[in-house]
Amino acid sequence: MSLLEVRDLTTAFKTERGEVTAVEDISFDLDEGEILGIVGESGSGKSVTALTIMGLLPQPPARVVRGSVHFAGELLTGMSETRLERIRGAGISMVFQEPMTSLNPVLTIGEQIMETVRAHEAISVRDQRLRAIEMLDRVGIPSAVRRLGDYPHQMSGGQRQRVMIAMALACRPRLLIADEPTTALDVTIQAQVLDLLMDLRDELGMAIMIITHNMGVIAETADRVLVMYAGRIVEQAPVARLFDRPLHPYTRGLLDCVPTLEQDRNRLVAIPGSLPEPARRPAGCRFAPRCGHRIDACSAAIPPLVAVDASHASACIRTDILA
Ligand SMILES: Nc1ncnc2c1ncn2[C@@H]1O[C@H](COP(=O)(O)OP(=O)(O)OP(=O)(O)O)[C@@H](O)[C@H]1O
Ligand SMILES: [Mg+2]
C-alpha cells in the first residue's frame with residue numbers, strides 16, 4: 001500500500017458557461033519518503049489536483065465528479081470536513097502557491113505557527129512556542145526566538161516562504177504538498193528552499209509532492225515525475241528516465257525549453273501555440289494542435305496513459321514510432 005493512492009480523480013467547476021472539467025482521470029501513487037514532481041504549463045491542473053486531494057476546493061463551484069484519494073489507507077474523498085481537518089496538518093500539509101495571501105498580516109509569525117500546532121495537538125502554550133522556535137530554526141531563519149514576534153511584512157519574500165514551510169511542517173506531516181514553493185524567490189533563495197525540502201525528506205522520511213512549471217526544479221529534486229497537460233497526465237516516469245528518454249511530444253517540448261534555475265523566466269514559452277481553456281479543448285489528444293507528430297487518428301479519441309514498462313507510461317498513440 002502506498003502512502004497516497006489517487007485513482008481516476010476528476011474535478012469539475014460550475015461556470016457561467018456550464019460545468020467544465022478542470023482535471024480528469026488523474027491516477028498515481030506516492031510512497032513514504034518519495035519526492036514526486038508534478039510539472040506542466042500554467043492552467044494544466046496542478047493546483048486543482050493538489051487542492052482536490054486536500055479537500056480544500058469549495059463545493060460548489062467545484063465538484064469531484066469521480067475517483068478516489070486514499071491516504072495511509074483511509075478514503076479522503078467524501079470524508080466529513082471535521083475528519084479532514086484532523087488529517088490536514090499532521091497527515092498531509094500544504095504550502096500554497098501565494099505565500100503572501102496565506103499568511104495573516106495582523107498576526108505575528110509565532111502566533112501563526114503556534115495556532116497551527118494548537119489546532120492539531122493538545123500541548124501547552126510553552127510547548128507550542130518551543131515547537132515554533134524549533135520549526136523556524138529548522139527552516140533556517142536566524143534568531144528564531146526574536147523573529148517569533150515579527151509580522152509577515154517585516155520579513156523578506158524568502159523568509160516568508162520559509163515561514164510557510166515551517167507552518168506546514170509544524171505538525172510533522174507524513175506528506176507535504178508544496179505548490180510552486182520557489183517561484184516568487186530569487187535564485188539563491190530558491191536553491192536553499194529546495195535543499196531544505198530534500199533535507200527534511202531525509203531527516204523526517206516525509207513524502208513530498210512538489211508542483212512546478214520548471215523542469216529545472218524537477219531535475220534537482222524529484223524522484224519521479226508526472227507531466228500534466230490540459231487537465232490530464234500525459235507522461236509518468238522516474239526522473240532520470242524522463243530526462244533521458246522522454247516519450248510524449250509535450251514532455252519533449254518542455255525539455256527543449258528547460259530554463260536553468262538561474263534563468264527561470266516563470267512561464268514556458270518555447271512550444272508554439274497555447275494550452276486550450278477547459279471549455280475549448282479539442283477532441284482526441286489535447287496536445288495534437290501543437291504537436292509536430294500529429295496524424296488524423298490523434299483527434300479521434302483521448303489517448304490513454306499506456307505503460308511502456310513498470311515505471312514509465314505515456315499517453316500518445318505514436319509512442320511506438322517516437323520511442
Ligand atoms: N474556481 C475555478 N472555477 C473555474 N475554473 C477553475 C477554477 N479554478 C481553476 N480552474 C481551472 O482549472 C484549470 C486548472 O487550473 P490550475 O490552477 O490547477 O492550474 P495550474 O496547473 O496550477 O496552473 P499555474 O501553473 O498557473 O498555477 C484551469 O483551466 C483553470 O482555469
Ligand atoms: Mg497552480
(message) Given the options Gly292, Ala22, Thr251, identify the residue whose Cα lies farthest towards the positive end of the charge dipole of the chain (+1 on Cβ of Lys, Arg; -1 on Cβ of Asp, Glu).
(response) Ala22
(request) On the protein heavy atoms, probe 1.4 angstrom, tell me the percent of accessible surface of the chain carried by carbon and sulfur. (result) 51
(message) Which one, Ile189, Ile233, Ile208, has the greatest fluctuation when you compute a Gaussian network model over the chain with C-alpha springs under 10 angstrom?
(response) Ile189
(request) Could you work out the longest stretch of the chain that avoids the GluC sites (Glu not before Pro) located in DSSP loops with at most 16 other Cβ atoms within 10 Å? (result) 122-323
(message) Helix-only estimate, please: 222 nm mean residue ellipticity of the chain, summing -39500 (n - 2.57) across DSSP H runs of length 4 or more and dividing by its residues, to the nearest 500.
(response) -9500 deg cm²/dmol
(request) Write down the accessible area per residue of the range 107-173 in Å², having rolled a 1.4 Å probe over the full set of protein chains. (result) 45
(request) Would you mind pulling out the separation of the Cα centroids of the range 26-93 and the range 213-232, in Å? (result) 17
(message) Could you work out how much longer the chain between Leu255 and Ile302 gets when fully extended? Use 0.36 nm per residue separation minus the Cα distance between them, nm to one decimal.
(response) 14.6 nm
(request) Would you calculate the separation in nanometres between label points at Ile321 and Phe243, each defined as 7 Å from the Cα along the Cα-to-beta-carbon direction? (result) 3.0
(request) Decide, for the range 130-195, between rounded, prolate and oblate: order the square roots of the alpha carbon gyration tensor eigenvalues as a ≥ b ≥ c, take rounded if a/c falls under 1.5, and otherwise choose prolate if a/b is larger than b/c, else oblate. (result) oblate
(request) Using a/c under 1.5 as the rounded threshold, could you call the range 1-152 rounded, prolate or oblate? The axes a ≥ b ≥ c are square roots of the C-alpha gyration tensor eigenvalues, and prolate needs a/b larger than b/c, oblate otherwise. (result) prolate
(message) From the mean inverse distance of alpha carbon pairs (Kirkwood) and the Cα radius of gyration, derive Rg over Rh for the chain.
(response) 0.98
(request) For the range 1-108, give the magnitude of the charge dipole about the Cα centre (Cβ charges: +1 Lys/Arg, -1 Asp/Glu; no others), in debye to the nearest 20. (result) 400
(request) Using a Förster distance of 22 angstrom, determine the FRET efficiency expected from the C-beta separation of Ala119 and Ser80, and round it to 0.05. (result) 0.85
(request) May I ask you to evaluate 6.51 cos²θ - 1.76 cosθ + 1.60, the Karplus curve with θ = phi - 60°, for each residue of the range 132-148 and list the ³J(HN,Hα) values in order in whole Hz, giving x for glycine and proline? (result) 4, 5, 4, 5, 5, 4, 5, 8, x, 8, x, 6, 3, 4, 6, 6, 3
(request) May I ask you to derive the FRET efficiency for Arg17 and Ile295 from their Cβ-Cβ distance with R0 = 25 Å, giving the value to the nearest 0.05? (result) 0.20
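The values are calculated or read from the model by the stated rules, or taken from the named source; none is laboratory data. Here the structure is a predicted model, which means the values were calculated and not measured. Please note: Cβ atoms are built from the backbone with ideal geometry, for glycine as well, and neighbour counts cover all protein chains shown. Ligands, DNA and RNA are stripped out before the accessible areas are found, and what is left, the full protein with its side chains, is counted by its heavy atoms. Shrake-Rupley method; radii C 1.70, N 1.55, O 1.52, S 1.80 Å.
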